[in-house]
1. Against the condition surrounded by 12 or more Cβ atoms within 10 Å (Cβ to Cβ), under 20 Å from the mean Cα position of the chain (by Cα), free of Cβ contacts under 8 Å to residues at least 24 places away in the same chain and not in a helix (DSSP H, G or I), how does residue 56 come out, does it pass?
2. With the checklist (1) within 30 Å of residue 133 (Cα to Cα); (2) surrounded by fewer than 15 Cβ atoms within 10 Å (Cβ to Cβ) in hand, flag the one item residue 33 doesn't pass.
3. If we scan region 96-115, do we find a residue that is within 26 Å of residue 78 (Cβ to Cβ), surrounded by 10 or more Cβ atoms within 10 Å (Cβ to Cβ), touching a helix residue (DSSP H, G or I) at 6+ places or on another chain (Cβ under 9 Å) and modelled with pLDDT of 70 or more?
4. May I ask you to verify whether residue 79 is at pLDDT 95 or above and farther than 30 Å from residue 42 by Cα?
5. Determine whether region 68-90 contains at least one residue that is more than 27 Å from residue 104 (Cα to Cα), in a helix (DSSP H, G or I) and out of contact with any helix residue (DSSP H, G or I) (no Cβ under 9 Å at 6 or more places or on another chain).
6. Could you tell me whether residue 28 is assigned to a helix (DSSP H, G or I) and surrounded by fewer than 17 Cβ atoms within 10 Å (Cβ to Cβ)?
7. Tally time: how many residues in region 31-49 are more than 22 Å from the chain's Cα centre (by Cα) and in a helix (DSSP H, G or I)?
């Protein structure tokens, strides 16, 4: 991978900052910025359709990486990393739609396509790393942590009591 200047550098101490140090996050941030720049070139009639969708899913990639990083148990983290990967591939699907509709030129499409695939590869690699580390498994085992479901009950209501209320 070639050296590139990150779009964002945390003011914290290098190597001790958090998710913003991850290559997959930096690549996803670059994807998001380039998708936003591209979206400004879309036709006006796409403002509430493709424009909104492609911007939203590109932002969700970075958001889910951040959320995943904040989870303690590795299975919980992997859940959010996989959502991030899904959002990244949704971004790609919207980009392919844009190419099919001739909203983007082939050279720009290929550049974004390669960047998205690079981000996907980096995210897959990080997910493999998280899977191997199994953080939280010693304390909680290999079962995903979740809250018990709340049961909801419907009681018969006296309709006359509702009128009097």
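The values are calculated or read from the model by the stated rules, or taken from the named source; none is laboratory data. On a predicted model such as this, the values are computed, not experimentally measured, just so you know. Methodologically, a virtual Cβ is constructed for each residue, glycine included, from the backbone with ideal geometry; neighbour enumeration extends over all protein chains shown.
1. Values: surrounded by 12 or more Cβ atoms within 10 Å (Cβ to Cβ): yes; under 20 Å from the mean Cα position of the chain (by Cα): yes; free of Cβ contacts under 8 Å to residues at least 24 places away in the same chain: yes; not in a helix (DSSP H, G or I): no.
Against the criterion (surrounded by 12 or more Cβ atoms within 10 Å (Cβ to Cβ), under 20 Å from the mean Cα position of the chain (by Cα), free of Cβ contacts under 8 Å to residues at least 24 places away in the same chain and not in a helix (DSSP H, G or I)), residue 56 does not qualify.
2. Checking residue 33 against (1) within 30 Å of residue 133 (Cα to Cα); (2) surrounded by fewer than 15 Cβ atoms within 10 Å (Cβ to Cβ), the one that fails is (1).
3. If we filter region 96-115 for residues that are within 26 Å of residue 78 (Cβ to Cβ), which is where we start, we get 113-115.
Filter once more, so that each one left must be surrounded by 10 or more Cβ atoms within 10 Å (Cβ to Cβ): 113-115.
Adding the requirement that they be touching a helix residue (DSSP H, G or I) at 6+ places or on another chain (Cβ under 9 Å) leaves 113, 115.
Going one step further and asking which of them are modelled with pLDDT of 70 or more, we end up with 113, 115.
Yes, the conditions are met somewhere in region 96-115.
4. So residue 79 passes the test.
5. Step one: of region 68-90, the residues more than 27 Å from residue 104 (Cα to Cα) are 68-82.
Subset that is in a helix (DSSP H, G or I): 68-69, 74-82.
Add one more test, that the residue is out of contact with any helix residue (DSSP H, G or I) (no Cβ under 9 Å at 6 or more places or on another chain), and what stays is none.
Within region 68-90 (the criterion being more than 27 Å from residue 104 (Cα to Cα), in a helix (DSSP H, G or I) and out of contact with any helix residue (DSSP H, G or I) (no Cβ under 9 Å at 6 or more places or on another chain)), the answer is no, since none of the residues qualifies.
6. Details: assigned to a helix (DSSP H, G or I): yes; surrounded by fewer than 17 Cβ atoms within 10 Å (Cβ to Cβ): no.
Against the criterion (assigned to a helix (DSSP H, G or I) and surrounded by fewer than 17 Cβ atoms within 10 Å (Cβ to Cβ)), residue 28 does not qualify.
7. Residues meeting the conditions: 3.
Conditions tested, residue by residue: (1) out of contact with any helix residue (DSSP H, G or I) (no Cβ under 6 Å at 6 or more places or on another chain); (2) buried (at least 17 other Cβ atoms within 10 Å of the Cβ); (3) assigned to a helix (DSSP H, G or I); (4) in contact (Cβ under 8 Å) with a residue 24 or more places away in the chain.
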residue: 10; (1), (2), (3), (4): no, no, no, no
residue: 14; (1), (2), (3), (4): yes, no, no, no
residue: 24; (1), (2), (3), (4): no, yes, yes, yes
residue: 51; (1), (2), (3), (4): no, yes, yes, no
